[in-house]
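Laboratory data are not the source of any read-out in this text; all were calculated from the coordinates shown. As the structure is a prediction and not an experimental result, all values here were calculated from the model. Cβ placement follows ideal geometry from the backbone for every residue including glycine, while neighbour counts extend to all protein chains displayed.
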Amino acid sequence: MVVSSAFLSSLLLAPCLAIAQSSTTASPASSTTAFASQFTLPASVDEGAPLLPTVNDPTAPDAQVKCPGYSASSVRTSSSGLTARLTLAGTACNVFGTDVQDLDLRVEYQTNSRLHINIRPSHVTAQNESWYLLSTEYVPAPSQESGQTTTSDLTFSWANTPGSGFGFNVTRNSTGEVLFSTSGTKLVFENQFIELVTHQEENYNLYGLGEVIHGLRLGNNLTRTIYAADVGDPIDYNLYGSHPFYLQTRYFEVGDDNSTTLVTEQLDPSNATGNYTSSTHGVYFRNAHGMEVLMRPTNVTWRTLGGSIDLYFFSGPTQPDVTHQYLDVIGMPALQSYWGFGFHQCRWGYQNWSVTEDVVNNYERFGIPLEVIWNDIDYMNQYRDFDNDPIRFNYSAGTAFLQRLHDRGQHYIPIIDSAIYVPSPDNASDAYQTFNDGNETGSFLLNPDGSLYIGAVWPGFTVFPDWLTTAAHAWWKNEMVTWHQKLPFDGAWIDMNEVSSFCVGSCGSGNLSLNPVHPPFALPGEPGNVIYDYPEGFNLTNATEAASASSASQSQAEATVTASSTTASVLTSSSSTSYLRTTPTPSQRNVNHPPYVINNVQGDLAVHAVSPNATHHNGILEYDVHNIWGHQILQATYAALLAAIPGKRPFIIGRSTFPSSGTLAGHWGGDNSAKFYYMYFSIPQALSFSLFGIPMFGVDTCGFNGNSDEELCNRWMQLSALFPFYRNHNTLSANPQEAYVWSSVIDATKAAMNVRFQLLPYLYTLFYNAHTQGDTVMRALAWEFPNDPSLADADRQFVLGPSILVTPVLTQGATTVDGVFPGLVEGTDVYYDWYNQTPVSVPSTKNTTIAAPLGHLPVYIRGGAVLATQQMAMTTRAARNTSWSLIVAPGVDGTASGSLYLDDGESLAPNATKIVTFAAEMGSLNVTVHGNYTGLDLPLANITIMGVPRAPPDNLVRINGQPVANSTYNATSMTLFIGGLEPVLGGKIWSANWSLS
Ligand SMILES: *[C@@H]1O[C@H](CO)[C@@H](O)[C@H](O)[C@H]1NC(C)=O
């Protein structure tokens, strides 16, 4: 979590922590940790230099104008690629760093669909001119597959062009398309700045480049800054994760003579009536430096603050192909435990075990399934990792509580923060063994002078693990295993791993005797923090409550105005400050204030983050690896959980991620707010993480910051039920928003959970396919219907796997929602309403208005699917014991197919698995069983066949040739319902092949 508010302690101290001896007491209004008299850090500790992002600076030099470019020589071509020397083609420009004279170019045709281009300095000329080349130890970089020769679908071509020098193209042979072209632009390669300008056609369709809160299609007027930041979900800024990967789709209109013309405008459903095709490719820039991708009308420019140009091209030519090809490089998503797909409840503010257990009991009392209960930082002993509060969350009561949970098939997940408290040296009772153990083994980041780098997070002054040491990994594992012996939790929620620090630089150095210090801002509920408002329309739907909330916030506001008047004057007086601009020093780097200023949401790179000059034990600066810190704690946590809970798939949800993080963990959308628009943004954010190989995604349902309300929470509990990761989470001191708080939300939640539980075997199978083949789970309409250009920016609907279309209401007060049924008007697809099983009638226009009163989530089955379902139960363990049903939803050609993956749901390497495949065509269904896992061999309760035009004659429904007694035909919905299967099929439905006719 992050709390954004400029709270000044009543005691205003000089910047840079010239900390006075006096102290002030934080008033823990509804804070759950009883602090002793405590020193509050002044807000100024988290203020950086005043910087103007270079993209907004009209006086900034243009590297394309000033720089000479490079020229290629010594070109050696082989069947598997090419190498060359690139030499600076004129006088160094040194615009945002020191130009590198000589570069090595290496091009490798790695597979038929993957091309790798690497450009790096030829030799290091001075110590301080070093550039960090991202080690394959931390982030995979596969090399050539052996035996690869000239069959690649991609071609690299290059030229030395007068005026601009070396430029290259990547072309797809099968379509002739130039996928990537720097021709006619200058390559700029300096020790703190690299620039690569590429041409783009008008109105290009680019996706990915996360993490960002934005629509799915990125558009051509956006600067995507990539720099891991702890910040509460601002729109269009850099966020927690770093994913320098994009997917690009081009649509072509096919003429009568089969000629194709590139579509260069965004079509809407009413004018996309021609005959179209599309092609898709992907680009991954493997670099962990602060980075910017400038999307402009006719070009896309990549800029990084260091490292090398390490580009992977994926030829597609479809989105599933590109995703498979990308995940071949970064790794396939982890297979999640079955229980991870249950419902999770969390909040900041469950003050003790009994409050936490009350929540569990309330879910049971209201008959709402609950799989996992979570605790935020409340459980910690003064916010220290691996240390429970001895009174409120003591181990013996906790162990007994977790035993009760486990007995009922429920689970428990605690938050684990990234920073480690440093005990006060003056206070023996402040001792903290976790710190000592890590410190003795050299597991923490240092200052350039070799002393400990000491920032500040929730517990006070803290240190940060140095993941480039093996010591830190061993220490983390030991801490987690030891703590797990005291409290047998089931997974880990990794927070603050950008890595966040609440002050600029090593603010704790020399100040440790003040520990534990209070953060430099007010926590929610403390005086001086933001006043919570309500979602849009609250005043309309909750008039009485709104009136009293408004008068309460009025008096709170009056109190706050007085408290914050100091802040205002400070801001005013500093607004005349001119910006800090640094100029390159030959052969030296300024890592804290690089000459090129990225448009970081926090401004200065050191604000609210560990400073770029923090130094790893191997000498590498945080500047060079900042963006992978979050990934590496996930690696350490994965290994630690595997040691604590041997043989079981580690369950991890992490905030800061990097390419490959999906092999270890899932991700939640971070600190959103209780607003309808954040509910909308959850869809593009999820779809982007599909592309990033992190399918285990969900957001804080009902909203984290701010007060939720009945209507928003009703809609959101329903929408999130169709996301892979389903968790309700709330901030400290906001109104409660558990699903049982409002009666309409109870009903809506159960209705949506009923859909989710029936689809759990399908969702689990989708994850199996993601894990084994790199398939996506949540899918954009554009990916499932690649020949419809009107879907290029469709992100208010999605498809779960290939077969479940979800069209949620995303606006306040609505009772209908507009959506499309792709292919329905064209006659290529059919859809069936999930709830009444009726085929959707063909609308006159593509865009259709669907009835969606509060409490109804429109869900449709896309024809062509056979779904194996189970029933809702209070936990997934209980659901796995319910009997099966089959839904057959034929496509326009009358056929349907599907598959089902079964295993014990938790073993990292299950010793038995089973795959069942379904193939239906007019009049028959064949079920084929492979594998020997028997745990889910339960009875089949019924089969529902949709879209059946008329009732079959008596006695003609047969299984394995034997007549089935119980079948009913519903002429209204055109469904055939077949029950009474147990006498024919026996009680073990997946034990042998069978067929229905
Ligand atoms: C790259 O493609 C562009 C556009 O088709 C073309 O003008 C240019 O000559 C090509 N350059 C190289 C080096 O192949």
Study note, to complete from the structure: Once normalised by the length of the chain, the mean sequence separation of its alpha carbon contacts under 8 Å that are 6 or more apart gives a contact order in percent of 12
Exercise for review: Could you work out how far the C-alpha centroid of the range 148-211 sits from that of the range 220-297, in angstrom?
Suggested key: 15
Check your understanding: Within the chain, what is the number of lysine pairs with alpha carbons under 27 Å apart, leaving out pairs fewer than eight places apart on the same chain?
Key -> 8
Revision key, fill the gap. Placing each pseudo-label 7 Å from Cα in the direction of the beta carbon, E364 and T934 end up separated by a distance in nanometres of 3.3
Exercise for review: Quickly work out the A428-to-R85 label distance, labels modelled 7 Å from Cα along the C-beta direction, and quote it in nm with one decimal.
Suggested key: 6.8
**Study point:** At R0 = 30 Å, FRET efficiency that the Cβ-Cβ distance of S143 and Q773 yields, to 0.05
**Key:** 0.85
Revision key, fill the gap. Least to most buried among E498, E145, E784, by other C-beta atoms within 10 Å and fewest first, runs E145, E784, E498
Revision key, fill the gap. Note to self: C-alpha centroids of the range 659-685 and the range 796-872 sit apart, in Å, by 23
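Working out 0.36 nm times the residue gap between K988 and T815, then minus their Cα-Cα distance, what length gain in nm do you get to one decimal? Don't skip to the answer; put the middle values down first.
Values: separation 173, 0.36 × 173 = 62.28 nm, distance 4.37 nm.
Here the answer is 57.9 nm.
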Practice item. Mark the label point 7 Å from the Cα of D236 along Cα→Cβ and return the residues of the range 277-316 whose backbone N is within less than 16 Å of it. Key: 293-297
Revision key, fill the gap. Here the range 494-509 yields Karplus 3J(HN,Hα) values (6.51, -1.76, 1.60; θ = phi - 60°; whole Hz; Gly and Pro given as x) of 9, 10, 6, 9, 6, 9, 7, 8, 7, 9, 7, x, 8, 5, x, 4
Check your understanding: Antiparallel as a % of all DSSP beta bridges within the chain, to the nearest 5?
Key -> 85
Check your understanding: Scattering from the C-alpha atoms of the range 801-851 alone, worked out with Debye: what is log10 I(q)/I(0) at q = 0.19, 0.29 1/Å?
Key -> -0.68, -1.32
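How much length would be gained if the chain were fully extended between S509 and T399, taking 0.36 nm per residue of separation minus their Cα-Cα distance, in nm to one decimal?
Numbers: separation 110, 0.36 × 110 = 39.60 nm, distance 3.78 nm.
Additional length available on full extension: 35.8 nm.
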Point to revise | Segment R106-R950, length gained on full extension (0.36 nm per residue, minus Cα span) | key: 297.4 nm
Exercise for review: Give the share of C-alpha pairs in each 5 angstrom bin for the range 694-770, from 0 to the last occupied bin, in whole percents, shortest bins first.
Suggested key: 3, 17, 25, 22, 15, 10, 6, 2, 0
Check your understanding: For q = 0.13, 0.28 Å⁻¹, what log10 I(q)/I(0) does the range 320-375 give under the Debye formula with an equal point scatterer on each alpha carbon and no solvent?
Key -> -0.53, -1.10
**Study point:** R0 of 35 Å, Cβ-Cβ distance S924-A751: FRET efficiency to nearest 0.05
**Key:** 0.55
Revision key, fill the gap. The range 391-440: spread of alpha-carbon positions along the three principal axes, whole Å, largest first, is 46, 22, 16
Check your understanding: Say a paramagnetic label sat at a point 7 Å from the Cα of H617, along Cα to Cβ; which residues of the range 470-498 have their backbone N under 14 Å from it?
Key -> 470-478
**Study point:** Local electrostatic count, Y338, Cβ distance below 12 Å [Lys/Arg +1, Asp/Glu -1]
**Key:** 0
Exercise for review: Please work out, to two decimal places, the log10 of the ratio I(q)/I(0) at q = 0.12, 0.21 Å⁻¹ from a Debye calculation in which every Cα of the range 623-759 carries one identical scatterer.
Suggested key: -0.54, -1.19
Check your understanding: Taking the simple approach of a point 7 Å from Cα along Cα-to-Cβ for both A546 and Q64, what is their distance in nm?
Key -> 4.9
Revision key, fill the gap. Expressed in angstrom, Rg and Dmax over the Cα atoms of the chain are 29.0, 92
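Taking the range 75-219 on its own, what percent of its Cα-Cα pair distances exceed 23 Å?
Numbers: 4975 of 10440 pairs.
Across the range 75-219, Cα pairs with separations above 23 Å total 48 percent.
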